[in-house]
There are 2 protein chains.
Amino acid sequence: MVTRFLLAGVQLEPVFGDIPANIAKTSYWIREAAGRGARLVVLPEAASAGYVFAHRAEAAHHAQSVPDGPTVAAWARLAAELDVWIVGGVTERDGDRVFNAAVLLGPTGHVGTFRKAHLWNDEKEIYDRNVDGFPVFDTPLGRIGIGICYDAWFPETFRSAALQGADLVVLPSNWVPVPGQPEAAPAMANLMCMTGAHSNQCYVAGVSRIGVERGQTFVGRSVLVGPDGWPLAGPASPDREELVLAEVDLIGSRAERLHNPFNQPVADRRTDLYVH
Amino acid sequence: MVTRFLLAGVQLEPVFGDIPANIAKTSYWIREAAGRGARLVVLPEAASAGYVFAHRAEAAHHAQSVPDGPTVAAWARLAAELDVWIVGGVTERDGDRVFNAAVLLGPTGHVGTFRKAHLWNDEKEIYDRNVDGFPVFDTPLGRIGIGICYDAWFPETFRSAALQGADLVVLPSNWVPVPGQPEAAPAMANLMCMTGAHSNQCYVAGVSRIGVERGQTFVGRSVLVGPDGWPLAGPASPDREELVLAEVDLIGSRAERLHNPFNQPVADRRTDLYVH
């Protein structure tokens, strides 16, 4: 069984509030990635309708149900047509609840949904809280955990996924500038992806957006990281729509990753000593 | 009350198995740091007698009791004479147990000891296990948590210290090369210090050694990191004995650090969702 496959991150700029335009744009890039041979395509956070909602009512207005809303249905059709898996950020409405969510879709449809666990800044007033934790989805490509943007600031996100067997943590993101960033250093978001991967010996795909929305700048720099913590592809540019592409082997690399003789940051944990 | 002070990391190469030589060398550098105005001086891991012991019996032979062994007693005398605090790595014997430990000494003597929690590679056969957890020591300079080298690979080390109020996590270390290190990227150890600081909004002092001992290379690159995750001083060279020096304000910065409006990675934790 060949388990290596091409992983694609799509760094793009959603059109605020325009669901049809974003279906067209994300579909273009998903086709582009599939045309290059990708089997799993990761889109940014909030790719369905943009991100900088002024308040909860506005987010709710642009939200859609999962999996039958227009964006998720369009992505599911593409996943079936192109025989790919897709992870993408979507503003989700579930009854009267609104979530900053990410869906995982496969060729046979909706696999699962993750709702952002750590709400950043005024997201706390806009979105409902994840009460489902950090599900890990078992696919033919490997076991996939999901976090969204600020979730990566919490090492517990990577740990919670890894301890449930995740081979890959995908992070649909809208990374913003971090105060004090030295010009020569990698973006803090990239550092989180690298240490999260290294400390858990899993792959990490941090896929961000670009552009400026209602005064908020986004920094791009999407990166695909190997289980040793070093980038396989990217960081991408801070300001262009583009693909990051890397061959990965989630299933085939398991034995080597998890029995790395150099160090074993999961197996060597001292759970008897930790303060939570 | 002025709470700002100068923090010093001493990057040096211990002389394997020669306790008097290492007392002389560490004393030279402690005096040097104090002469520059440092109030807290951090030495590398295993600075009392070197690190690459072939087996437990050899480590035990070079181990000493705390705080009355020769190295710790010498450091304590210096701390009193120079009115400084010192953290240094020492091979500790306690009855028939042997620990890879670090001591915290102040002008009035021994404040506390940390024993390495995560034993790396064949350290598991050489040392006894820490059963005391991650103590945080309250000093006039601020609250100090300690980890040793590989402990920094576990984000739980930083969290356990931060959740107990640590303003600073000091990491006496013997950092070794990590496979796959890209030439242009910071050392993985530096990344761990940076994300550990950023995710916990505390200062981090990663102080490593240089040189080659019994075929094992050490990479230096000691770094002092601010609570935003960016280096205040260093990374130092990979191959020279030297000081890294930075002004810090553990106590005075508490309010600003912990109520940073940009993000609050400690306060925003979702302990209800984590898998441990």
Sole miss for B:G69 among (1) among the small types (G, A, S); (2) touching a helix residue (DSSP H, G or I) at 6+ places or on another chain (Cβ under 9 Å); (3) buried (at least 20 other Cβ atoms within 10 Å of the Cβ) is condition (3)
In region B:83-101, what residues are assigned to a strand (DSSP E or B) and touching a Lys or Arg at 6+ places or on another chain (Cβ under 8 Å)?
B:W85, B:E92, B:V98, B:F99, B:N100, B:A101
Among the residues of region B:43-95, the number that are farther than 20 Å from B:G206 by Cα and polar (S, T, N, Q) is 3
Looking only at region A:6-18, which residues are on the phi < 0 side of the Ramachandran plot and surrounded by fewer than 20 Cβ atoms within 10 Å (Cβ to Cβ)?
A:L6, A:V15, A:F16, A:D18
Restricting to region B:109-129, and then to whatever is of a type outside the set (D, E, K, R) and not in a strand (DSSP E or B), can you tell me which residue is most open to solvent (accessible area, probe 1.4 Å)?
B:N121
Within region A:89-103, is even one residue at pLDDT 95 or above, touching a helix residue (DSSP H, G or I) at 6+ places or on another chain (Cβ under 7 Å), open to solvent by 20 Å² or more (accessible area, probe 1.4 Å) and more than 23 Å from A:L250 (Cα to Cα)?
yes
Taking the conditions exactly as written (in contact with a strand residue (DSSP E or B) (Cβ under 7 Å, 6 or more places away or on another chain), more than 8 Å from chain A (Cβ to nearest Cβ) and crowded, with 24+ Cβ neighbours inside 10 Å), does B:G106 satisfy them or not?
no
All strands (runs of 3 or more DSSP E) inside region A:130-198 with 3 or more residues being crowded, with 20+ Cβ neighbours inside 10 Å and more than 10 Å from every other protein chain (Cβ to nearest Cβ)
A:142-146, A:168-172
Does A:A205 count as in contact with a strand residue (DSSP E or B) (Cβ under 6 Å, 6 or more places away or on another chain), more than 23 Å from A:R39 (Cα to Cα) and in contact (Cβ under 8 Å) with a residue 40 or more places away in the chain?
no
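The values are calculated or read from the model by the stated rules, or taken from the named source; none is laboratory data. Keep in mind that what you see is a predicted model, and the values were worked out from it rather than measured. Positions of Cβ are backbone-derived with ideal geometry, glycine not excepted, and every protein chain shown enters the neighbour counts. All accessible areas refer to the heavy atoms of the entire protein, side chains included, with ligands and DNA or RNA removed. Shrake-Rupley method; radii C 1.70, N 1.55, O 1.52, S 1.80 Å.
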